[in-house]
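So the structure is just underneath, and the comments pick up after that.
The values are calculated or read from the model by the stated rules, or taken from the named source; none is laboratory data. Just so it is clear, the model here is predicted, and its values are computed rather than measured. Here Cβ is always computed from backbone atoms with ideal geometry, including for glycine, and neighbour counts include all displayed protein chains.
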Amino acid sequence: MADIITAPRLRLAICGGGIGGLTLALALSRKQDIAIDVYESNSAFAELGAGIALRPRTLRYLAELGLLHEINSINGRLEEREQTGPALSYFRADKPDTEVRSDYYEKGMAMLHRAQFHRVLLRHIPKHVGIHTAKRLTQYLDPNDANVPIRLVFADGTEATCDVLIGADGFSSTVRATLFDDLASAGKNADATKRIRDCIPPYFSGFMSYRTVIPREKLEALPADFTGWNLGKIYVGDDMFVVTYPIAQGRLLNLVVNTLDLSREGGTHAHPWASVAGVKELEPLLERAAPEPRNILLAAEGLELKKWVVNVVQPLEEWSFGRVALLGDAAHAMVPFQGAGAGQAIEDAQVLSALLGHPRATCATVQHVFGIYADIRKPIAAKFYHASRQNGLIFSNSNLTLEECATEIKDLAEDTWNTGRRPEENAQRAVELFEAVVTETL
């Protein structure tokens, strides 16, 4: 564990060095009485994926953490669009002359290259936070005694201890597997045990995603007035859709091709879940694509086109057990069609850091912390989970007109993003609830 703090109030281990895990580490690194260690399973920090979109509700918190200037420096929006925010343009994937524009996207949204944003987070982690790579967790052992540390066991044969463990280790989470194994062992009957164990594996969403980023110079076949450098574009098809938007200050175009087989939703998909594909694999789409999306797809030739099985973690009843809790995709992996996965992990970190940072959060009270964290965050994450799935179904429904598609997407986004408490209000409410509980019980 990090040893700069001689007598910490909490020794915190975070398994997973992705966006959610690093955001939590950065937020709590300001607390002088918390020792933090981040354990990343890969040999080097590398955030998977290509582009992400962050909305103002997320950016407000990242500004508090001192990241906004650097985020603005890698924003994909071109300068002339800075005052109005990005818009969406909807096309039929197979018809070149039909377009519906929507100016719905909120002013101030940032479109980022995921790896660049991850590097921004990593640069801001202070040196007193322990950062450990090539540490793939195989299991943890929670003694159910607040006076005895949790033991972490890694694949390389090493071990570590902590007071509190946060599983930010993605949709195929080892922490979630161990946590639900422990919950199942405490189950009172066979039906309860089976229901709990069913929460361990991720499930196939029915969607496959092909992702790459295309340098601007490879898109010379597009007309000079191509608007994709100023706004997000969605090419709607039959059980498929294509999404593009600019990142890296307009030097790169993020490309995502999504296909859907709804009959396979809720099952399991064979490995590998991530592989490298070729443009040839998309030939059935190319054959019926309009010129603009076809030229974009052809420009991906020779680039690394990643093929992803889109797995999800269906809404969980429990996010914690003992002194262990889940965060981000480990708790609520969702399809990426609201652009909400990273934002929801950051909101998890916002609420959890407010609670763990409270001076009365200790080994003795951390179960109260986790209970309140889950009570606040679970319904919000579940709402985004279902809205993200619904977005994907709308985009891949060729029976809808473009006008109907744009309207449904706008209404769904408005309801999902702009109703209820703001994230900072949720964090404050969590602290108030925690203070009331510890005052009453201690």
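Across segment 371-411, what is the total count of residues that are among the polar types (S, T, N, Q) and touching a Pro at 6+ places or on another chain (Cβ under 8 Å)?
Kept after step one, since they are among the polar types (S, T, N, Q), are these residues of segment 371-411: 388, 390-391, 396-399, 401, 407.
Narrowing the set further to residues that are touching a Pro at 6+ places or on another chain (Cβ under 8 Å) leaves 388.
The number of residues fulfilling the criteria is 1.
Look at Ala349 and say whether it is in the same structural domain as Lys218 (by TED's automatic domain parsing), surrounded by 20 or more Cβ atoms within 10 Å (Cβ to Cβ) and touching a helix residue (DSSP H, G or I) at 6+ places or on another chain (Cβ under 6 Å).
On the way: in the same structural domain as Lys218 (by TED's automatic domain parsing): no; surrounded by 20 or more Cβ atoms within 10 Å (Cβ to Cβ): yes; touching a helix residue (DSSP H, G or I) at 6+ places or on another chain (Cβ under 6 Å): yes.
Answer is no for this residue.
If you check Gly228 against the conditions, is it in a loop (DSSP other than H, G, I, E, B), more than 20 Å from Asn399 (Cα to Cα) and touching a residue at least 24 places away in the same chain (Cβ under 8 Å)?
Against the criterion (in a loop (DSSP other than H, G, I, E, B), more than 20 Å from Asn399 (Cα to Cα) and touching a residue at least 24 places away in the same chain (Cβ under 8 Å)), Gly228 does not qualify.
I'd like the full set of residues that are surrounded by fewer than 17 Cβ atoms within 10 Å (Cβ to Cβ) and among the charged types (D, E, K, R), limited to segment 137-167.
Result: Asp145, Arg151, Asp156, Glu159.
Can you list the helices (runs of 4 or more DSSP H) lying wholly within segment 248-367 that have 3 or more residues being under 20 Å from the mean Cα position of the chain (by Cα) and small (Gly, Ala, Ser)?
Filter on segment 248-367 gives 341-356.
Just to check your reading of the model, which residue among Gly266, Gly250, Gly206 is surrounded by fewer than 16 Cβ atoms within 10 Å (Cβ to Cβ) and either on the phi > 0 side of the Ramachandran plot or touching a Cys at 6+ places or on another chain (Cβ under 6 Å) (or both)?
The unique qualifying residue is Gly266.
Select from segment 313-340 the residues that are within 25 Å of Cys405 (Cβ to Cβ) and touching a Ser or Thr at 6+ places or on another chain (Cβ under 8 Å) and list them in ascending order.
Once the filter is applied, which keeps residues that are within 25 Å of Cys405 (Cβ to Cβ) and touching a Ser or Thr at 6+ places or on another chain (Cβ under 8 Å), segment 313-340 yields Met334, Val335, Pro336, Phe337, Gln338, Ala340.
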